[in-house]
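The values are calculated or read from the model by the stated rules, or taken from the named source; none is laboratory data. As the structure is a prediction and not an experimental result, all values here were calculated from the model. Every residue, glycine among them, receives a Cβ derived from its backbone with ideal geometry; neighbour counts consider all protein chains shown.
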Amino acid sequence: MPLVTLTSDWSESDYYIGAIKGRILSACPGASIQDINHHIKPFNTAQAAFVIRNCYPNFPDGTVHIIAVNTEPDPGCALLAAQMDNQYFLCADNGILGLIGKEESLDVYALNREKKEKAGSFAALQILTEAACAIMTGKKPAEIGKKITDYNRRVPLRPTIEKNSIIGSVIYIDSYENAITNISRELFERLGNHKKFEIQVQSRHNVIRKISNTYSENPPGDLLAVFNSIGLLEVAVRNGNAASLFKLNENSTIRIEFND
């Protein structure tokens, strides 16, 4: 039986996660269920997409990912099944698919809308679990939905590039309050081309002038920058909380100035 994962903006203290798991195990005895993250901020599709985008490549082919985040954003919103990289993604038509993968890589299907109306306010319990079990037992998305091309597409926020600078944004704050940006190592190296640089965190008063390989290269309390395991620039404080100390949040600006 293939694996199914759960990601949601539900609190673990509520009954929702248990209900979903119970429904899956009742319909697909022996199913393997893996929790990815149930601490997504309510309705925050961008945060959920970041987590899924950087997790799913590590799962085996055939994995089904239920993304129960903002599953009822608007009346009549479709529930979707998508196939990408030999894996399956079940979610609402709220823009999250465009944030997870490139359009040319996605095959997207709208699940049965009539059943969704009967599901009330907890559509994920009936419709998404039903779709997950159908896929895990061998059905293709085309057998449980209609292929569409007019789904909601959100585009990931890109850095702004100027002649001698990159203006990026914080896109994720992790549990250590490290601030992960949308500035990739590839972009930094291509534009910087071994030039000296200053990374400005919120203002010109908070400047980083080197890229560390590890956090431990720096004394405790120092502001630092590293390229993390997914190749994105990360601003941190050694043994500290960068987001709180520098009032960083998602969409905060990180500017890199290169010197000729």
(request) Of the numbered conditions (1) closer than 18 Å to Arg154 by Cα; (2) touching a helix residue (DSSP H, G or I) at 6+ places or on another chain (Cβ under 6 Å); (3) in a helix (DSSP H, G or I), Asn70 fails exactly one; give the number of that condition. (result) (3)
(message) So in segment 91-104, with the set limited to residues that are outside any helix (DSSP H, G or I) and within 14 Å of the chain's Cα centre (by Cα), which one is surrounded by the fewest Cβ atoms within 10 Å (Cβ to Cβ)?
(response) Lys102
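Does Val4 fit the bill of being among the β-branched types (Val, Ile, Thr), closer than 20 Å to Ala123 by Cα and touching a strand residue (DSSP E or B) at 6+ places or on another chain (Cβ under 6 Å)?
yes
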(request) Look at Ala19 and say whether it is touching a residue at least 60 places away in the same chain (Cβ under 8 Å) and more than 18 Å from the chain's Cα centre (by Cα). (result) yes
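Kindly provide the set of residues from segment 247-260 that are crowded, with 17+ Cβ neighbours inside 10 Å and either modelled with pLDDT under 95 or in contact with a Ser or Thr (Cβ under 8 Å, 6 or more places away or on another chain) (or both), ordered by number.
Within segment 247-260, the first condition is being crowded, with 17+ Cβ neighbours inside 10 Å, and the residues that meet it are 248, 250, 252, 254-258.
Within segment 247-260, Glu250, Ser252, Ile254, Arg255, Ile256, Glu257, Phe258 meet the criteria.
So that you can scan it fast, the table gives a plain yes or no per residue for (1) loosely packed, with under 14 Cβ neighbours inside 10 Å; (2) over 22 Å from the mean Cα position of the chain (by Cα); (3) modelled with pLDDT of 95 or more; (4) polar (S, T, N, Q):
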| position | (1), (2), (3), (4) |
| --- | --- |
| Val155 | yes, no, no, no |
| Thr160 | yes, no, yes, yes |
| Lys163 | yes, yes, no, no |
| Ile171 | no, no, yes, no |
| Asn178 | no, no, yes, yes |
